[in-house]
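S.K.: Sharing a structure here in structure tokens format.
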Amino acid sequence: MKIEKLEDQEYQRNSEFWTLKGDKLTVMGDYLGRLPSVDLIDAKHGEEILDAGCGAGFISRRLARKGAWVYGCDRNEKMLAQAEAEERPHSLNINYKLADITKLPYIDSVFDKVACIAVLIHDSPKECGQFFDEAKRVLKPNGKLFVSIMHPYLYQPQAPTRNNRASWAQYTPLDNLPMTESQRFKEDYQDSWGQMFSSVVWYHPEEVIFNLLNKSGLKPTHSQSKYVTQEVLRDCNQTGDVGFPAFWQIVAEKK
């Protein structure tokens, strides 16, 4: 699959940052983004769940271990290859496919739940809307979509992640737009081993996400913010301010 977007080119170039971590908890997003999302999804035995933008399979494996039938798709070949490699020695019967989340290769009304965790920061508002349309299509009636992204606060001028008061992430604006609009930022992200991951990511205001969900016919039913704590900084071997929102989870239901 040909990768053309700047966001994807940067991600592909730095993909080893993610493929080498496996199931280890090495970044703030593991503690405040991924693990809270797994709890929120609350996978049940026999449920059919799609992990849209599965990457190297961190979320997929945790859902499968709870007894769900898990399907994962991603447009990054290196990441998907790592997910498949993790599957071979200890199979969890996860079905992986190389696919873009804006064009899901699944039939209508097949999944109980769709998860999209730490993915939409790599997609424009148009692509987010396309994915929400697809998520609604593949969900069963009353099925639920679970989304987790970096909290919009991280990109604000006053945030520690804009003023060198957070060792684990820094965001530099690339587009000269008001903060009421989605726009691109340069992200410099550090793990607990001191390795750096640099990429181009999208900032999406809360109102943009909610408007796109409603436009797609998905009803937001829950949202929660996860805050930086001293405990999480310690677990990630990081320093900086605490007490501000860093990750955001949203649940929406198929109307």
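S.K.: Can you put V70, V119 in order, fewest other beta carbons within 10 Å first?
M.R.: Fewest-to-most ranking of V70, V119: V119, V70.
S.K.: Give the order of W248, W193 when sorted by the count of other beta carbons within 10 angstrom, beginning with the fewest.
M.R.: Listing W248, W193 from fewest to most nearby Cβ atoms yields W193, W248.
S.K.: Please give the residues of the stretch 115-135, grouped as numeric ranges, whose backbone N is less than 14 Å from a label point set 7 Å along the Cα-to-Cβ vector of K255.
M.R.: So the set is 133.
S.K.: Right, here's the next one. Using a 7 Å offset from the Cα along the Cα-to-Cβ direction at both R88 and T172, what is the distance between the two label points in nm, to one decimal?
M.R.: Rounded to a tenth, the inter-label distance reads 3.9 nm.
S.K.: Separate question: Out of G67, A85, I101, whose Cα points farthest toward the positive end of the dipole of the stretch 32-111 (charges: +1 Lys, Arg; -1 Asp, Glu; placed on Cβ)?
M.R.: With unit charges placed on the Cβ atoms, the residue in question is A85.
S.K.: Going by C-beta contacts inside 10 Å, put E16, E134 in order with the fewest on the left.
M.R.: Ascending number of Cβ neighbours within 10 Å: E16, E134.
S.K.: Using the Cα centre of the chain as the reference point, and only Cβ charges (+1 on K/R, -1 on D/E), how large is the resulting charge dipole? Debye, rounded to the nearest 20.
M.R.: Magnitude of the dipole: close to 420 debye.
S.K.: In addition: Treat each spin label as a single point 7 Å out from the Cα along the C-beta direction, and report the Q224 to L20 distance in nm.
M.R.: So the label points at Q224 and L20 sit 3.3 nm apart.
S.K.: Let me know the shape class of the stretch 187-255, please: from the alpha-carbon gyration tensor, a ≥ b ≥ c as square roots of the eigenvalues, rounded when a/c is under 1.5, otherwise prolate if a/b is greater than b/c, or oblate.
M.R.: Prolate, since a/c reaches 1.5 and a/b exceeds b/c.
S.K.: Using +1 at the C-beta of Lys and Arg and -1 at the C-beta of Asp and Glu, which of S124, L213, L154 has the Cα lying farthest in the positive direction of the dipole of the stretch 111-230?
M.R.: The residue sitting farthest along the positive end of the dipole is L213.
S.K.: Okay, next question. Students often forget the sequence filter, so: which lysines lie under 20 Å Cα-Cα from K21 once same-chain residues fewer than 8 apart are removed?
M.R.: K78
S.K.: Which aspartates and glutamates have a Cα less than 15 Å from the Cα of K254, not counting those fewer than 8 places away in the same chain?
M.R.: Qualifying aspartates and glutamates at Cα under 15 Å: D108, D112, D133, E134.
S.K.: On to the next question. According to a simple spin-label model (label point 7 Å from Cα along Cα-to-Cβ), what is the distance in nm between R65 and S198?
M.R.: It works out to 3.4 nm between the two label points.
S.K.: With the Cα gyration tensor of the stretch 27-120 giving a ≥ b ≥ c as the square roots of its eigenvalues, does the rule (a/c under 1.5 for rounded; else a/b larger than b/c for prolate; else oblate) give rounded, prolate or oblate?
M.R.: rounded
S.K.: Please report, in Å, the Rg and the Dmax of the stretch 72-227, where both are computed over Cα atoms only.
M.R.: 17.0, 49
S.K.: Full-extension gain between D235 and Q156, please, as 0.36 nm times their residue separation minus the C-alpha to C-alpha distance.
M.R.: Gain on extension, D235 to Q156, equals 25.9 nm.
S.K.: Sequence neighbours fewer than 8 away in the same chain don't count; with that in mind, list the lysines whose C-alpha is under 16 Å from K186.
M.R.: Hits, sequence-local ones excluded: K5.
S.K.: Specify the inter-centroid distance of the stretch 205-226 and the stretch 100-173, based on alpha-carbon positions, in whole Å.
M.R.: Computed from Cα coordinates, the inter-centre distance equals 10 Å.
Read-outs throughout are calculated quantities, based only on the coordinates presented, and are distinct from any laboratory measurement. Quick caveat, the model's predicted, so the values are computed rather than measured. Please note: Cβ atoms are built from the backbone with ideal geometry, for glycine as well, and neighbour counts cover all protein chains shown.
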